[in-house]
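First the structure, in the form of structure tokens, and then the observations on it.
The values are calculated or read from the model by the stated rules, or taken from the named source; none is laboratory data. Note that the coordinates shown come from a computational prediction; the quantities given were computed from them, not determined experimentally. Every residue, glycine among them, receives a Cβ derived from its backbone with ideal geometry; neighbour counts consider all protein chains shown.
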Amino acid sequence: MRRTTTRSRTRSGRARSALDAGYDECRRLVRTTRPTEYALMQLMPPVVRPVSWALYAAFGYADDLLDLSEEAPRERGRRLREWRAALEADLASGTSDDPIRLALTDAVWRWGLDLGDLLGALDAVQRDDDRKGVTTWQEWRERAHAQNISWPEQLMRMLVRCGLPVPVRLRDLAGFTRFVEGLFLTDMLRDLPEDLDGGHVWFPAEVLDRFHVTPDELISRQWTPAVQRMIGHLAGEAREWLEGSRRALRGSLPLGPAIVLDTAVDLFGAELDAIVRAGSAALRRPVRVARHTEWRILAPARARAAVVWRLTLPPGRDTAMDTAMDTVGRAGADGSPRDDTAPAPLAGPERHTARIAEPPLPPRPHRDGARPPAIAAAHLPQHVAIVMDGNGRWATGLGLPRDEGHRAGAVALRDVVQGALEIGLPHLTVYAFSTENWKRSPDEVSKLFAIMRAELLDGELLDHDVRLRWVGSPDGLPDDVVNVLRSQEHATRNRTGLTLNVCVNYGGRAELAQAGAALARAALAGEVDPARVSEQLFAAHLPHHALPDVDLLWRTSGEIRTSNFLPWHAHYAELHFTDQPWPEVDRRDLWAAVTAYTHRKRRKGGTTTPTVPTRAPGETEG
């Protein structure tokens with residue numbers, strides 16, 4: 001029997017599914033560990049993005065093996081050598097049983113990547129296992145170049161294969177090495193807390209000596225004036241190298257790669273600014289750029305890049321591009337790139353199959369290390385419903401298209417769901433698309449559904465103990481949205497943690513009308529006595545009768561109304577209104593809303609005693 005490998009022009013359904021899963025795993029790894037780099041990869045042509053994920057995930061995974069602080073250095077080195085040897089064997093055979101190595105192997109064979117360069121970069125990562133530090137800036141630069149020049153050159157090689165004339169030997173361009181150095185130093189400042197956790201200080205000894213800072217001071221997180229001056233100096237150096245590279249490379253790159261370069265310099269510059277502003281916190285935890293700053297930089301870059309790739313990449317120039325498109329998904333029917341947040345579409349009945357983590361993963365920690373308040377289960381609301389308002393106005397206020405507000409809102413929802421898992425909330429219902437939202441422009445509605453579908457297919461929430469349920473009507477919805485909603489419902493049906501009810505094409509009055517119509521039909525059929533219709537009987541005929549009553553209804557963006565949202569189930573809900581638009585919300589706002597709920601007096605027409613107030617960790621009684 002002939003063995004099917006990733007080199008085959010056609011693959012069995014099982015092999016294709018494994019390869020799709022491999023690219024999805026690379027994408028998840030890059031997106032969760034390096035969101036800035038992931039955002040930059042999304043500016044590349046759609047066909048190139050999955051290979052970008054595979055390249056970066058392989059380097060990141062190898063680097064992470066050396067950062068396992070719980071293992072002895074010898075054991076970490078052994079594991080990395082074994083993984084590197086397995087990769088070389090996989091590259092020779094054309095297949096792998098490891099998802100990251102499988103994706104990288106497929107990328108190498110399909111795109112003709114430089115195998116020597118890739119393995120050389122991994123060898124440079126491995127040499128760090130025996131290195132205690134670097135002495136001079138020259139030694140530091142050699143380390144930066146060895147580890148970081150290969151993968152952007154591979155990306156340029158893929159653009160050449162797509163038909164775009166770009167210089168492949170980037171290291172020969174004046175200014176490119178400065179870009180690599182600025183990128184590497186920014187990454188080092190960003191990862192400083194993790195390096196210090198492992199007892200590593202990778203700044204050159206000569207810069208430590210210049211500012212009279214010792215490695216022990218950094219490892220013990222001493223924020224002295226000398227340390228502050230050194231961090232400010234290093235951030236300034238990184239910023240100057242990045243800006244200098246932009247000036248030097250401006251006339252050397254075609255428009256598409258130039259957009260990626262400009263955006264990289266702006267994003268990493270914003271990270272450097274955030275690190276300097278963070279002060280002593282930069283030694284204790286990773287520092288992230290404010291969300292609205294990221295979107296202000298990324299939104300126009302996305303729009304420009306999409307147009308440029310459509311105009312400059314000749315379709316069908318190379319068979320490698322065609323076969324890669326077969327693997328990772330084709331452009332839309334109108335020639336526009338596939339939505340940049342959607343995973344590769346599958347063929348046939350597997351198209352909407354969800355891959356869920358078993359067992360589910362624990363909640364992802366807050367990016368700033370925030371911890372949830374300690375709320376006893378008896379005082380926790382059982383059902384929180386949210387009107388996620390203000391996406392479009394938030395985007396418009398920043399000079400962005402309204403759909404960028406919906407993208408940012410999807411990111412906010414991810415974090416709120418993680419926060420709900422952390423406090424043990426049983427039910428969370430969100431208003432994603434109301435029956436009144438059809439009044440919006442067809443373009444906005446279309447983009448909103450594309451974002452919704454991409455988020456559902458992304459699968460991040462499916463890694464956790466979340467059961468997804470759809471509340472709403474299929475009438476008028478695109479078939480692919482209906483299919484993915486039903487698919488995710490089915491895939492998560494056995495989850496027992498948070499039930500996430502997503503209201504899509506939902507209207508409260510329509511729901512009540514449906515219940516009335518169902519009761520009328522039952523009465524005409526002689527199944528119900530109209531004189532005996534009770535609240536309980538009416539509720540049993542609601543289309544979503546299993547939905548529990550809402551304890552807390554929260555609306556963002558300063559509007560003080562419920563907007564036809566769950567009128568039956570929220571009849572005794574506590575109302576909570578906040579001013580910030582939904583894209584600026586995260587899990588801490590959910591915790592604040594729930595904590596406020598615990599201070600309410602829940603009488604429901606009776607004389608129930610007030611709920612015992614909740615104290616956050618570390619809070620004392622006054």
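Answer yes or no: is there a residue in region 206-216 that is at positive phi and not assigned by TED's automatic domain parsing to the domain that holds residue 154. Yes - at least one qualifying residue is present in region 206-216.
So, residue 432, is that one small (Gly, Ala, Ser) and part of a helix (DSSP H, G or I) or not? No; evaluated as a whole, the condition is false for this residue. At least 1 residues being under 19 Å from residue 37 (Cβ atoms) is the threshold, and among the helices (runs of 4 or more DSSP H) wholly inside region 203-312 those reaching it are 225-249, 255-278, 291-312.
Of all residue pairs spaced 6 or more apart or on separate chains, those with beta-carbon atoms under 7 Å, a first member in region 387-405 that is assigned to a helix (DSSP H, G or I) and a second member that is among the hydroxyl-bearing types (Ser, Thr, Tyr) are 393/557; 402/396. Number of residues in region 27-48 that are surrounded by fewer than 24 Cβ atoms within 10 Å (Cβ to Cβ), under 22 Å from residue 96 (Cβ atoms) and among the basic types (Lys, Arg): the value is 2.
Is it the case that region 444-458 has a residue that's under 14 Å from residue 388 (Cβ atoms), in a helix (DSSP H, G or I), in contact with a His (Cβ under 6 Å, 6 or more places away or on another chain) and touching a residue at least 24 places away in the same chain (Cβ under 8 Å)? Yes. When region 406-429 is limited to residues that are of a type outside the set (A, V, I, L, M, F, W, C) and part of a helix (DSSP H, G or I), the one that is farthest from residue 445 (Cα to Cα) turns out to be 422.
Listed here are the residues, each with its yes/no results for (1) assigned to a strand (DSSP E or B); (2) over 28 Å from residue 509 (Cα atoms); (3) within 28 Å of the chain's Cα centre (by Cα); (4) assigned by TED's automatic domain parsing to the domain that holds residue 397.
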residue	(1), (2), (3), (4)
559	no, no, no, yes
563	no, no, no, yes
571	no, no, no, yes
575	yes, no, no, yes
583	no, no, yes, yes
590	no, no, yes, yes
594	no, no, yes, yes
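This table checks each residue for (1) buried (at least 21 other Cβ atoms within 10 Å of the Cβ); (2) modelled with pLDDT under 90.
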site	(1), (2)
338	no, yes
353	no, yes
360	no, yes
371	no, no
383	yes, no
391	yes, no
395	yes, yes
400	yes, yes
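Selection of region 471-492 for residues being over 18 Å from residue 539 (Cα atoms) and in contact with a Leu (Cβ under 9 Å, 6 or more places away or on another chain) yields 474, 477, 481, 484, 485, 487, 488, 489, 491, 492. Any chance region 537-548 includes a residue that's aliphatic (A, V, I, L, M), more than 30 Å from residue 488 (Cβ to Cβ), at pLDDT below 90 and in a loop (DSSP other than H, G, I, E, B)? No, there is no match, as no residue in region 537-548 is aliphatic (A, V, I, L, M), more than 30 Å from residue 488 (Cβ to Cβ), at pLDDT below 90 and in a loop (DSSP other than H, G, I, E, B).
Taking residues in region 141-152 that are among the small types (Gly, Ala, Ser), and partners anywhere that are surrounded by fewer than 17 Cβ atoms within 10 Å (Cβ to Cβ), the pairs with Cβ atoms closer than 6 Å and at least 6 places apart or on different chains are 150/117. For residue 209, the test of being within 22 Å of residue 134 (Cα to Cα) and either polar (S, T, N, Q) or crowded, with 16+ Cβ neighbours inside 10 Å (or both) is failed.
Pairs are defined by a Cβ separation below 8 Å, a sequence spacing of at least 6 or placement on different chains, a first member in region 178-196 that is within 20 Å of residue 138 (Cα to Cα), and a second member that is of a type in the set (Phe, Trp, Tyr) and modelled with pLDDT under 90; the pairs so defined are 188/202. Of the helices (runs of 4 or more DSSP H) lying entirely inside region 1-77, the ones with 2 or more residues being modelled with pLDDT under 60 and over 22 Å from the mean Cα position of the chain (by Cα) are found at 13-33.
A count restricted to region 536-567 and to residues that are of a type in the set (A, V, I, L, M, F, W, C) and within 20 Å of residue 594 (Cβ to Cβ) stands at 8. Would you check if residue 425 is at pLDDT below 90, surrounded by 19 or more Cβ atoms within 10 Å (Cβ to Cβ) and either over 30 Å from residue 373 (Cα atoms) or in the same structural domain as residue 412 (by TED's automatic domain parsing) (or both)? The answer is no for residue 425. Set side by side, the residues 256, 251 differ, and just one is modelled with pLDDT under 95 and surrounded by fewer than 14 Cβ atoms within 10 Å (Cβ to Cβ), which is 251.
Could you check, for region 471-489, whether at least one of its residues is over 24 Å from residue 436 (Cβ atoms), assigned by TED's automatic domain parsing to the domain that holds residue 422, modelled with pLDDT of 90 or more and hydrophobic (A, V, I, L, M, F, W, C)? No, the conditions are met nowhere in region 471-489. Taking every residue in region 414-443 that is among the acidic types (Asp, Glu) and pairing it with any residue that is in a helix (DSSP H, G or I), at least 6 positions away or on another chain, the pairs with Cβ-Cβ distances below 6 Å are 415/587. Is at least one residue of region 218-228 among the basic types (Lys, Arg) and surrounded by fewer than 19 Cβ atoms within 10 Å (Cβ to Cβ)? Looking for residues that are among the basic types (Lys, Arg) and surrounded by fewer than 19 Cβ atoms within 10 Å (Cβ to Cβ), one finds at least one in region 218-228, hence yes.
Within region 402-422, the residues that satisfy the criterion of being under 27 Å from residue 570 (Cα atoms) and surrounded by fewer than 20 Cβ atoms within 10 Å (Cβ to Cβ) are 411, 414, 415.
Please go through region 371-397 and give me each residue that is hydrophobic (A, V, I, L, M, F, W, C) and within 30 Å of residue 447 (Cα to Cα), ordered by number. Passing the criteria: 384, 385, 386, 387, 388, 394, 395. From the list 291, 277, 284, 310, the lone residue that is modelled with pLDDT under 90 and out of contact with any Ser or Thr (no Cβ under 9 Å at 6 or more places or on another chain) is 291.
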